[in-house]
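Here the structure is laid out as structure tokens; the discussion comes afterwards.
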Amino acid sequence: MVKQEADASLKDKIAIVTGGSRGIGATIAKILAANGASVMINYNTSKDAAESVIAEINQYGGKAFACKANVGNIDEAQYLIEETKKQFGRVDILVNNAGITRDRTFKKLSAEDWYEVINVNLNSIYHTTSAVIDTMLEQKYGRIINISSIIGQSGAFGQTNYSASKSGMIGFTKSLALETAKNGVTVNAVCPGFIDTEMFAAVPDQVIEQIVSKIPMKRLGATEEVAEAVLFLAKSSYITGQSINVNGGAYM
Ligand code: NAP
């Protein structure tokens, strides 16, 4: 549950959360809304899940809409940004959260596994950000927050495609931050460690036990713990080009 001591300091701010229908993205959407933002919840296939996030936000008086768009497709990503402007009039916060895994050792990795992950996780942030950046630069305000991963920092067995996509997000974050800083647009990344979501549910129990045993805090993270870092970056004004690790000490 999103904490109730939320304030309204993001009042009048318009946020887009890609992949906001489930997992970390759904919690990010709820915490931004609980802090006053109006939120566009992007999803690709999970319409019902997106609608239940909206219902929860509406319950505490927040405003949210949903938009179906595959952010791996540039036309659909542009549609997402246009729809947001149509519904809310502007865009202030873009959270690039949508992501997938197709884990295989490199020897077994197909070209399709490679391209799909790079497309949904990395090309997507070009698709959404390029569609919104002019607006943010003109209004001299913007918060772009990219959900990378510990795997982009440490690497992982069977995840060359995913790791490459998540490292790419960090390089993108630093470079774009340099280009947009003087116009009041900050660009940051959040690198979650191992978070208890459906993405992680595909991992066998034995592997989870091994992973947890290596985490200094000896547990998986909660989606709320990642969302709090996103909220912090959305509210902050003098932090840019950074990656915040939310990983229980698993990578320092
Ligand atoms: P999740 O539970 O599997 O949810 C993924 C979300 O992304 C869903 O809302 C899904 O929407 C959306 N999505 C997938 N492909 C999409 C596409 N082509 N276009 C638009 N939306 C798409 O994943 P999660 O665990 O919350 O992960 C969220 C982000 O955090 C990802 O970028 C992931 O890499 C990163 N991360 C997760 C962990 C972890 O341990 N869970 C750790 C580090 C980083 P639909 O259901 O509608 O397709």
Worksheet item: Which ones in region 182-199 are closer than 23 Å to SER236 by Cα and either within 7 Å of the ligand (Cβ to nearest atom) or outside any helix (DSSP H, G or I) (or both)?
Response: GLY184, VAL185, THR186, VAL187, ASN188, ALA189, VAL190, CYS191, PRO192, GLY193
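How many residues are outside any loop (DSSP other than H, G, I, E, B) and out of contact with any Lys or Arg (no Cβ under 9 Å at 6 or more places or on another chain) if we restrict to region 200-242? Quick ask: steps written out before the conclusion?
If we filter region 200-242 for residues that are outside any loop (DSSP other than H, G, I, E, B), which is where we start, we get 200-201, 205-214, 221, 223-235.
Next cut, out of contact with any Lys or Arg (no Cβ under 9 Å at 6 or more places or on another chain) only: 200-201, 205-211, 213-214, 221, 223, 225-226, 229-232.
Looking only at that region, the number is 19.
Each row is one residue, and each column tells you yes or no for (1) in a helix (DSSP H, G or I); (2) at pLDDT 95 or above; (3) near the ligand (Cβ under 8 Å from one of its atoms).
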| position | (1), (2), (3) |
| --- | --- |
| ASP12 | no, no, no |
| ALA33 | yes, yes, no |
| MET40 | no, yes, no |
| ASP48 | yes, yes, no |
| ILE54 | yes, yes, no |
| ILE57 | yes, yes, no |
| VAL71 | no, yes, yes |
| GLU83 | yes, yes, no |
| VAL91 | no, yes, no |
Worksheet item: Exactly one of (1) at pLDDT below 95; (2) within 27 Å of TYR141 (Cα to Cα) is unmet by MET169. Its number?
Response: (1)
Item to complete: Please verify whether region 94-106 includes one or more residues that are within 11 Å of the ligand (Cβ to nearest atom), of a type in the set (Ser, Thr, Tyr) and either surrounded by fewer than 17 Cβ atoms within 10 Å (Cβ to Cβ) or farther than 19 Å from THR18 by Cβ (or both).
Response: no
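Can you name every residue in region 56-107 that is of a type in the set (Val, Ile, Thr) and within 23 Å of ALA33 (Cα to Cα)? Spell out the reasoning first.
In the first step, residues of region 56-107 are kept if they are of a type in the set (Val, Ile, Thr); the result is 57, 71, 74, 81, 84, 91, 93, 95, 100-101, 105.
Of everything in region 56-107, those that are of a type in the set (Val, Ile, Thr) and within 23 Å of ALA33 (Cα to Cα) turn out to be ILE57, VAL71, ILE81, THR84, VAL91, ILE93, VAL95.
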Worksheet item: If you go through region 122-181, how many residues are out of contact with any Gly (no Cβ under 6 Å at 6 or more places or on another chain) and away from the ligand (no atom under 15 Å from the Cβ)?
Response: 18
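The values are calculated or read from the model by the stated rules, or taken from the named source; none is laboratory data. For clarity, every value in this text was computed on a predicted model and none was experimentally measured. No Cβ is skipped: glycine too gets one built from the backbone with ideal geometry, and neighbour counts run over all protein chains shown.
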